[in-house]
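One structure below.
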């Protein structure tokens, strides 16, 4: 299977940055956007349980509504697509059966073939619910999908800006997520950088690898 070379991989990761100014006249084509959507669907998650929902905002009038809810950061308005990542705020044990059913559909066999895995998942979720940590677990999964989206965008030459500076509860209202069982956690603006974005050419600021990477 064709892969990126080491140089190509690092080249794209060095090319990417948190884009501050997007060119509003440039839009991501449908095929590329579909690929980015698929990349999020393929994101790994703990036990494969996928406690998330992704909302792709491409209508300009909706992006305009979200602008004041992201502290008027222009990325929200000027990007091609504004991706909102929401976590499952009502995660229940029934999600285990849903996943087992999906596994049988994808791989064949019987649900009973996965009883051992089911027991592990049920035990984890019960402990998490009892310890009131299930929400934190769901929220943590969102950042895995965000990382996959940003890396995939970089490989395709699409600029991105992750955005925690948003008002999630208010965005939930605009995007009709109230009472849906999902709550917004973070967003990511996608598109093409503006020639006026001074941050595009600034050197990256990263600590030396020797300080943060250790081989044992």
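Table: residues versus (1) free of Cβ contacts under 8 Å to residues at least 40 places away in the same chain; (2) out of contact with any strand residue (DSSP E or B) (no Cβ under 6 Å at 6 or more places or on another chain).
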| residue | (1), (2) |
| --- | --- |
| 3 | yes, yes |
| 8 | yes, yes |
| 13 | no, yes |
| 17 | no, yes |
| 30 | yes, yes |
| 40 | no, no |
| 49 | no, yes |
| 55 | no, no |
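Could you grab me the full set of residues in the range 93-102 that are free of Cβ contacts under 8 Å to residues at least 24 places away in the same chain and touching a helix residue (DSSP H, G or I) at 6+ places or on another chain (Cβ under 6 Å)?
Initially, the range 93-102 is screened for residues free of Cβ contacts under 8 Å to residues at least 24 places away in the same chain, giving 94, 97-98, 100-102.
Scanning the range 93-102 gives a single hit, 100.
Considering only residues that are in contact (Cβ under 8 Å) with a residue 12 or more places away in the chain and part of a helix (DSSP H, G or I), look in the range 170-197 and name the one that is surrounded by the most Cβ atoms within 10 Å (Cβ to Cβ).
Ranking the candidates gives 171 first.
Can you tell me which residue within the range 107-126, out of those that are within 28 Å of residue 177 (Cβ to Cβ) and modelled with pLDDT of 95 or more, is surrounded by the fewest Cβ atoms within 10 Å (Cβ to Cβ)? Walk me through how you get there before you give the answer.
Pass one, the range 107-126, residues within 28 Å of residue 177 (Cβ to Cβ): 121-122, 124-126.
Narrowing further to those that are modelled with pLDDT of 95 or more: 121-122.
Details: 121: 21, 122: 13.
Here the answer is 122.
Looking at the range 82-92 only, could you name the residues that are touching a helix residue (DSSP H, G or I) at 6+ places or on another chain (Cβ under 6 Å) and surrounded by fewer than 22 Cβ atoms within 10 Å (Cβ to Cβ)?
The first filter runs over the range 82-92 and keeps only residues touching a helix residue (DSSP H, G or I) at 6+ places or on another chain (Cβ under 6 Å), leaving 82, 85, 87-88, 91.
Of everything in the range 82-92, just one residue is touching a helix residue (DSSP H, G or I) at 6+ places or on another chain (Cβ under 6 Å) and surrounded by fewer than 22 Cβ atoms within 10 Å (Cβ to Cβ), namely 91.
Need the failing condition index for residue 3 against (1) touching a helix residue (DSSP H, G or I) at 6+ places or on another chain (Cβ under 9 Å); (2) in a loop (DSSP other than H, G, I, E, B); (3) at pLDDT 95 or above, just the number.
(3)
Just the residues that are over 19 Å from residue 183 (Cα atoms) and either within 19 Å of the chain's Cα centre (by Cα) or in a helix (DSSP H, G or I) (or both), please, taken from the range 53-72.
Of everything in the range 53-72, those that are over 19 Å from residue 183 (Cα atoms) and either within 19 Å of the chain's Cα centre (by Cα) or in a helix (DSSP H, G or I) (or both) turn out to be 58, 60, 61, 64.
The values are calculated or read from the model by the stated rules, or taken from the named source; none is laboratory data. Predicted, not measured: the structure shown is a model, and the values here were computed from it. Here the Cβ is made from the backbone with ideal geometry for all residues, glycine too, and neighbour counts use every protein chain on show.
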